[in-house]
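One structure below.
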Amino acid sequence: MSVVAPGLGQPSAPEPDFGDDGTRRAPRGRVEPVDRVFRAVLGGSGAVVLAIMLLVGVFLTYRAAQALGVAKFRFLTTSAWEPDSHHFGIAAVLTGTVLIGVTAIILALPLALGTALYISEYAPRRLKRTLISLVDLMAAVPSVVFGLWGAFFLQGHVVGLSRWISTYFSWIPLFKVDGADPHDPLQADTAYTSSTFIAGIVVALMVTPIACSVMRETFSQAPAGEREGALALGSTRWGMIRAVVLPYGRGGVIGGTMLGLGRALGETIAVYMIISPVFSVQPHILQNGTNSVSSLIALRYGSASDFGMSALMAAGLALFLMTLVVNFIASSIAARGRSGAGTEA
């Protein structure tokens, strides 16, 4: 086979480039100016987002320094909220925030998972686009609409369920209602209203579209070859989903769930419209009265003194750090799931 010398016709092909480990490297092409601009815009956008997050954290820390300097570690262990007398803390509101968020995500997980599996695996192609639009449309509904629906419609219809759960499962401390006799037919329904359970149901419907979108995207990227191989070996549709889709999408399920939890922890208006604020650690989710950090800020922001505002900023800083950690972990897990790193080959 003849090789044409350079300069006498066709130029010779570039010699292959091998790395230190002996593997052949892909040839490096010339980077176009458009690509340089695109990379610069993406890098700049990411830097701006990080800078904004950093500035938010610095601002909250600066405004909260006065209150944190007075409360110190008691800020995390005190339930009362009386900043003007220097007796305040987030033990009660932090407990309520976590309980509402966990209740919401426990209710949202099966709903989001089932919806994502139906859309990606079972829905007809013509119906799939409509279902995706409807689910995404739920995320566009304002929080105040969910709050009004929960306060004036859902609450009256859920009291019976709360009473039933308390009647048969009150031996579990979480479902106990202090001062109420579930077997008394004359027991007032007010003991079961404005509870963590009702607020959790409303927040669950608000976070379902977020979790469902992440799960649906991950399920749709499951390898087609493994799907077809499982079906060719005689597996049923559900068997293929259990053997291929769910293991592949495990990272997306966990990531979507934690992203929903991050949203649930910071929900304000809907929770504020439903709950009856109390400043004591109240672990009974069916019982009237609970609180959250975001609702505390919304409740006391307008009437707070200078020191009280610093205390609210400290509460906001605690919520900011908590949601930041949850969302960071969720994004990492979801990204790994989308890249296929969590598959079991």
message: If Val271 meets every condition in (1) within 14 Å of Phe146 (Cβ to Cβ); (2) touching a strand residue (DSSP E or B) at 6+ places or on another chain (Cβ under 6 Å) apart from one, which number is that one?
response: (2)
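For segment 261-276, name all the residues that are over 27 Å from Phe328 (Cα atoms) and crowded, with 19+ Cβ neighbours inside 10 Å.
Our first condition is that a residue be over 27 Å from Phe328 (Cα atoms); within segment 261-276, this holds for 273-276.
The answer is Met273, Ile274, Ile275.
Of the residues Gly89, Gly43, Gly19, which single one is of a type outside the set (A, V, I, L, M) and modelled with pLDDT of 90 or more? So that I can check it myself, show each step before the final result.
On the way: Gly43 fails: modelled with pLDDT of 90 or more; Gly19 fails: modelled with pLDDT of 90 or more.
One residue alone meets the criteria, Gly89.
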message: If Thr190 satisfies all but one of (1) within 29 Å of Val326 (Cβ to Cβ); (2) touching a residue at least 60 places away in the same chain (Cβ under 8 Å), what's the number of the condition it fails?
response: (1)
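Of all residues in segment 281-298, count the ones that are surrounded by fewer than 18 Cβ atoms within 10 Å (Cβ to Cβ) and either among the hydroxyl-bearing types (Ser, Thr, Tyr) or in a helix (DSSP H, G or I) (or both). Lay out the reasoning, then the answer.
To start, the set of residues in segment 281-298 that are surrounded by fewer than 18 Cβ atoms within 10 Å (Cβ to Cβ) comprises 281, 283, 298.
Still in the list and also either among the hydroxyl-bearing types (Ser, Thr, Tyr) or in a helix (DSSP H, G or I) (or both): 298.
Of the residues in segment 281-298, 1 are surrounded by fewer than 18 Cβ atoms within 10 Å (Cβ to Cβ) and either among the hydroxyl-bearing types (Ser, Thr, Tyr) or in a helix (DSSP H, G or I) (or both).
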query: Do you know which of the residues in segment 232-242 that are closer than 18 Å to Tyr118 by Cβ and without any contact (Cβ under 8 Å) to a residue 24 or more places away in the chain is surrounded by the fewest Cβ atoms within 10 Å (Cβ to Cβ)?
result: Thr236
query: Is at least one residue of segment 299-317 assigned to a helix (DSSP H, G or I) and under 17 Å from Val102 (Cα atoms)?
result: no
task: Considering only segment 189-240, state which residues are modelled with pLDDT under 90, of a type in the set (Val, Ile, Thr) and out of contact with any Lys or Arg (no Cβ under 9 Å at 6 or more places or on another chain).
output: Thr190, Thr193, Thr236
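Can you give me the ranges of the helices (runs of 4 or more DSSP H) entirely in segment 181-279 with at least 3 residues that are more than 21 Å from Ala108 (Cβ to Cβ) and out of contact with any Ser or Thr (no Cβ under 6 Å at 6 or more places or on another chain)?
Values: elements: 196-220, 224-232, 237-240, 250-265, 269-274.
Output list reads 224-232, 237-240.
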query: Somewhere in segment 149-171, is a residue out of contact with any Pro (no Cβ under 6 Å at 6 or more places or on another chain), over 25 Å from Ile269 (Cα atoms), surrounded by 15 or more Cβ atoms within 10 Å (Cβ to Cβ) and touching a residue at least 60 places away in the same chain (Cβ under 8 Å)?
result: yes
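Within the group Ala67, Ala71, which residue is under 30 Å from Ala314 (Cα atoms), modelled with pLDDT of 90 or more and among the small types (Gly, Ala, Ser)?
On the way: Ala71 fails: modelled with pLDDT of 90 or more.
When all the criteria are applied, what remains is Ala67.
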task: Test Ala304 against the stated conditions and say whether it is under 30 Å from Met53 (Cα atoms), touching a strand residue (DSSP E or B) at 6+ places or on another chain (Cβ under 7 Å), surrounded by 17 or more Cβ atoms within 10 Å (Cβ to Cβ) and touching a residue at least 12 places away in the same chain (Cβ under 8 Å).
output: no
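Where in segment 62-180 are the helices (runs of 4 or more DSSP H), entirely inside, with at least 1 residues that are farther than 25 Å from Phe279 by Cα and among the basic types (Lys, Arg)? Write out each step before concluding.
On the way: elements: 91-117, 125-138, 143-149, 155-169.
Ranges flagged: 125-138.
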query: Can you name every residue in segment 243-253 that is surrounded by 21 or more Cβ atoms within 10 Å (Cβ to Cβ) and either within 18 Å of Thr115 (Cβ to Cβ) or hydroxyl-bearing (Ser, Thr, Tyr) (or both)?
result: Val245, Tyr248, Gly249, Gly252, Val253
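The values are calculated or read from the model by the stated rules, or taken from the named source; none is laboratory data. Note that the structure is a prediction, hence the values are computed from the model and not measured. We place every Cβ from the backbone using ideal geometry, glycine too, and count neighbours over all the protein chains shown.
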